[in-house]
Amino acid sequence: MDIPSIILSVLIAVVVTALVIVYRKQRQHSLLSHGMVVASNSDEESYLQASERDYGVPDEVVSVHTFGSPTYEPPLLFYADFVVVAEQKLTAEDITDVTFNNRSNPYTTNDYQVVVTCADGKKLSIAIGNDIDKAKYIVQRLSAVFAHSGNEM
């Protein structure tokens, strides 16, 4: 290849890249202005503010939003004598079991979830993603919060 061909190829690549970037920014701006996309940070921020107003400042906040997840999972809010899971206030008497499992099949990456079984028979599933350490930590933390009431998990 001669020098003018190389310069032309590079110039075309730069122009195409610039057009793709401009298109994506315009599309994102259009979706945001029409209310079709809501940033998860604003969701989490408003959720935390509402929870702080209703229950006070939590002792610990554990974010469970997984990368690439199309749904918004609110963070877990730990207080001294209760926890807020999936926007529900749960005390020690409301919980009968806490466990985690891998809900993926053998051909996909790990997809862990924490399952909280309530006294009324309802099960709350908290998607964790592929982080087994986070799943274990949440189960341990939930067990510690409710251990002081005499419940065995």
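The values are calculated or read from the model by the stated rules, or taken from the named source; none is laboratory data. Every value quoted in this text rests on a predicted model; they were computed, and no experiment measured them. When we count neighbours, we look across all protein chains shown, and the Cβ atoms used for this are built from the backbone with ideal geometry, even at glycine. Accessible surface is based on the protein model in full, side chains and every heavy atom, while ligands, DNA and RNA are left aside. Shrake-Rupley method; radii C 1.70, N 1.55, O 1.52, S 1.80 Å.
At-a-glance table
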read-out: Scan of segment 97-136 for residues that are over 26 Å from Asp43 (Cα atoms) and at pLDDT below 85, ordered by number; value: Arg103, Ser104, Asn105, Pro106, Tyr107, Thr108, Thr109, Asn110
read-out: Breaking point among (1) under 30 Å from Tyr79 (Cβ atoms); (2) open to solvent by 60 Å² or more (accessible area, probe 1.4 Å); (3) modelled with pLDDT under 85, for Asp43; value: (2)
read-out: Selection status of Gly56, at pLDDT 90 or above, more than 17 Å from Ser125 (Cβ to Cβ) and over 19 Å from the mean Cα position of the chain (by Cα); value: yes
read-out: Residue satisfying all of: in segment 76-96; closer than 17 Å to Ser51 by Cβ and open to solvent by 70 Å² or more (accessible area, probe 1.4 Å); modelled with the lowest pLDDT among these; value: Glu87
